[in-house]
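The structure appears right after this line, and notes come after that.
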Amino acid sequence: MPQKSENLLGIKIIKLINGDDIVCVLPSDQLPDKSPLLRLSKPLQVKYVPQLTPGGFKDYVALIKWAAYTPDTIVTIPKDKIMTIVNASEEMKKSYTTVATTYDSVKIPQRDNRKYQREQFSDEENEDINDLFDEFKDEPKTIH
């Protein structure tokens, strides 16, 4: 694992052909040059969230785990899906470093397997609900 100072220098933003922006470190142990794949370390996707402020709309930038359903920290992607790779700004480097330190502790989303009780409406309740829906039915329009 590279040291923190090396990580700050090696933080890149990768623009994919699908429009995603990925912030990551390109590890030194890459696949051979002729390989069609590139390794990314701790990739985080940049999400732009618009916020309404007193001065108007402003984009809030959120960094989220790009490969959320795996504990892997190294992700391999095809090189032909990359538009460009650029150096991250100082501000983005700081944000990435802060979020990447908790990369391994982010829990993988789990399916909620709780069973929910179903309850059948009584005939009276069912009739009341149907009456409500009937009130919203469009009456056929008479054309003269």
**Report entry** Candidates Ile11, Ile17, Ile22, filtered to the one that is at negative phi, buried (at least 18 other Cβ atoms within 10 Å of the Cβ) and in contact with a helix residue (DSSP H, G or I) (Cβ under 7 Å, 6 or more places away or on another chain)
**Finding:** Ile11
Query raised in the report: Given the structure, is Gln45 among the polar types (S, T, N, Q), under 15 Å from the mean Cα position of the chain (by Cα) and at negative phi?
Result: yes
Report summary line: Pairing a residue in segment 58-74 that is exposed (fewer than 11 other Cβ atoms within 10 Å of the Cβ) with any residue that is part of a loop (DSSP other than H, G, I, E, B), where Cβ atoms lie under 7 Å and the two sit 6 or more apart in sequence or on different chains, gives Tyr69/Ile108; Tyr69/Pro109; Pro71/Ile108
Query raised in the report: Could you give every pair whose Cβ atoms fall below 8 Å, whose first residue belongs to segment 79-103 and is without any contact (Cβ under 8 Å) to a residue 12 or more places away in the chain, and whose second residue is assigned to a helix (DSSP H, G or I) and of a type in the set (D, E, K, R), counting only separations of at least 6 or pairs across chains?
Result: none
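Coordinate-derived values only; no laboratory data. What you see is a predicted model, and the numbers here were worked out from it, not measured in a lab. Every residue, glycine as well, gets a Cβ built from its backbone with ideal geometry; the counts of neighbours run over all protein chains shown.
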